[in-house]
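The values are calculated or read from the model by the stated rules, or taken from the named source; none is laboratory data. Here the structure is a predicted model, which is why all the values come from computation and not from measurement. Cβ coordinates were reconstructed from backbone atoms using ideal geometry, including for glycine residues, and neighbour counts include every protein chain displayed.
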Amino acid sequence: MIIEKVSGQAYEEFITESIFKPAGMSHSSFAVENPNELAVGYVKGEPGPKTDPSIAFAAGDIISTGCPNVSSTYQP
């Protein structure tokens, strides 16, 4: 991958250090420590199958959760 070759870092490490941390994205990552924190998808009104977000790798496996007090920090 180009990012890894140019930066000398793993893709996940580069994105975390260069984007997430500077942007204050403390609730974004490539891994989920607690799978129960993932959103539940639904199919025809029933809970759907759980999918490991890391299967997408650089094509979109970033996981972001809302901060616990999002309503008090959001300002339109």
Single residue of the range 28-68 satisfying the filter (surrounded by 10 or more Cβ atoms within 10 Å (Cβ to Cβ) and of a type in the set (Phe, Trp, Tyr)) that is modelled with the lowest pLDDT:
PHE57
The range 35-63 residues that are within 22 Å of TYR11 (Cβ to Cβ), paired with ones that are among the acidic types (Asp, Glu) and at pLDDT below 80 (beta carbon under 8 Å, 6 or more apart):
PRO53/ASP61; SER54/ASP61; ILE55/ASP61
